[in-house]
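**Q** Have a look at this one.
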Amino acid sequence: MGGQATGAQPLAAAAAEGGQQTRVFDLPEACVAHVLALTSPRDACRAAAVSPCFRDAAGSDTVWSRFLPPDYPAILQLHQAPASRLLLSRNGAKASSVPVASSPPATKKEAYLGLTDVAVLVDDGGMAVWLARGSGAKCVALSARRLSLPWEDGEFSWRWMPHHLSRFADVVQLVSCTCLDIYGRLPTAALTPATAYAAYLVFDTADDHRGLSFPDQETTVSVGGRTVSRHAVCLRPDDDEARKFIGADSANNGGVRGPTLRRDGWWEVEIGRLRTNDEAVDGEEVAVSFEVLGWQPKRGLIVEGVEFRPL
């Protein structure tokens, strides 16, 4: 270390004597772009506001190709098909489901921003994919059609129907059952590597719902067959209802996760969290589940799907 510093001093002194100082603005644009590509989309946009030198580099394809997922060309092809696109507002809520015309993006930055504004329907409309604007990590939503439901015996337990707030063709409503457990599976390769995620059950309830107000509901997240998260939740906390049926007070159940109202009109409850590996593992899946413990009659749950979003 000391030798390196001693060797650097004559060079610095010579540069000073010659009146030469290397400034960041003197660096080639390609060099600045390489550095910015090692940051994040949010940092690149902030750097663009610093100076014209950063602005040009921050908008280059070198930077934004680094932020796009490897399979973005295939997603872009679906992105340009009007029937497969769903406009999103800046906060992720649905702004419009009306098909809009799309032309190929002129730059990688345009491609990136387009995929943060639009959830692209893939897998025959059973899954939606978009990018988190700040990080570029992939967000994935599984429709109710891609979930495993109990008692899938036609109209007696579940009813499929369109919903004006849904990004998918239809959602499913629980008609009646006593045993309720919902499962979903997704290859970990569909998510961004080395990224922390949270999984959410996206739902609503009918006015006459029943059996969803007790704090005896459980969610789990497993990766590669190993459980990494398990939590107690309650979709519709109601102390009066809980006391009437099981003599419990949901307010006294510490650690029970409740629902959150989203800006798009749906409710969500966090199922659990996981972190993807640095590299995808062939055949590895993340499995999520929601289960209502006990055999009380249940009805009125409306399921839109399960979302995986980066933290």
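The values are calculated or read from the model by the stated rules, or taken from the named source; none is laboratory data. This structure is a prediction, so every number in the text was calculated from the model and none was measured. Here Cβ is always computed from backbone atoms with ideal geometry, including for glycine, and neighbour counts include all displayed protein chains. Ligands, DNA and RNA are stripped out before the accessible areas are found, and what is left, the full protein with its side chains, is counted by its heavy atoms. Shrake-Rupley method; radii C 1.70, N 1.55, O 1.52, S 1.80 Å.
**Q** Pairs, please: C-beta under 9 Å, at least 6 apart or cross-chain, first residue closer than 13 Å to Glu307 by Cα and of a type in the set (Val, Ile, Thr) and in the stretch 118-136, second assigned to a strand (DSSP E or B) and open to solvent by less than 10 Å² (accessible area, probe 1.4 Å)?
**A** Listed pairs, sorted by first residue: Val129/Ala119; Val129/Val120; Val129/Cys139; Val129/Val140; Val129/Ala141.
**Q** Okay, moving on. Take Ala132 and decide whether it is among the aliphatic types (A, V, I, L, M) and open to solvent by less than 10 Å² (accessible area, probe 1.4 Å).
**A** For Ala132, the condition - among the aliphatic types (A, V, I, L, M) and open to solvent by less than 10 Å² (accessible area, probe 1.4 Å) - is not met.
**Q** Among the residues that make up the stretch 147-160, is at least one of them assigned to a helix (DSSP H, G or I), open to solvent by 20 Å² or more (accessible area, probe 1.4 Å), touching a Gly at 6+ places or on another chain (Cβ under 7 Å) and within 27 Å of Val233 (Cα to Cα)?
**A** Taking every residue of the stretch 147-160 in turn, none turns out to be assigned to a helix (DSSP H, G or I), open to solvent by 20 Å² or more (accessible area, probe 1.4 Å), touching a Gly at 6+ places or on another chain (Cβ under 7 Å) and within 27 Å of Val233 (Cα to Cα).
**Q** Something else: Among the residues of the stretch 271-296, write down those that are among the hydrophobic types (A, V, I, L, M, F, W, C) and open to solvent by less than 30 Å² (accessible area, probe 1.4 Å).
**A** Correct list: Ile271, Leu274, Val286, Ala287, Val288, Phe290, Val292.
**Q** Starting from the stretch 256-273, keep only residues that are within 17 Å of Asp216 (Cβ to Cβ), then list their pairs with residues that are acidic (Asp, Glu) and surrounded by 14 or more Cβ atoms within 10 Å (Cβ to Cβ) whose Cβ atoms are within a distance under 7 Å, requiring at least 6 positions of separation or different chains.
**A** From residues that are within 17 Å of Asp216 (Cβ to Cβ), the pairs are Arg257/Glu270; Pro259/Glu268.
**Q** Within the stretch 170-227, how many residues turn out to be surrounded by 18 or more Cβ atoms within 10 Å (Cβ to Cβ), small (Gly, Ala, Ser) and under 15 Å from Ser289 (Cα atoms)?
**A** Of the residues in the stretch 170-227, 3 are surrounded by 18 or more Cβ atoms within 10 Å (Cβ to Cβ), small (Gly, Ala, Ser) and under 15 Å from Ser289 (Cα atoms).
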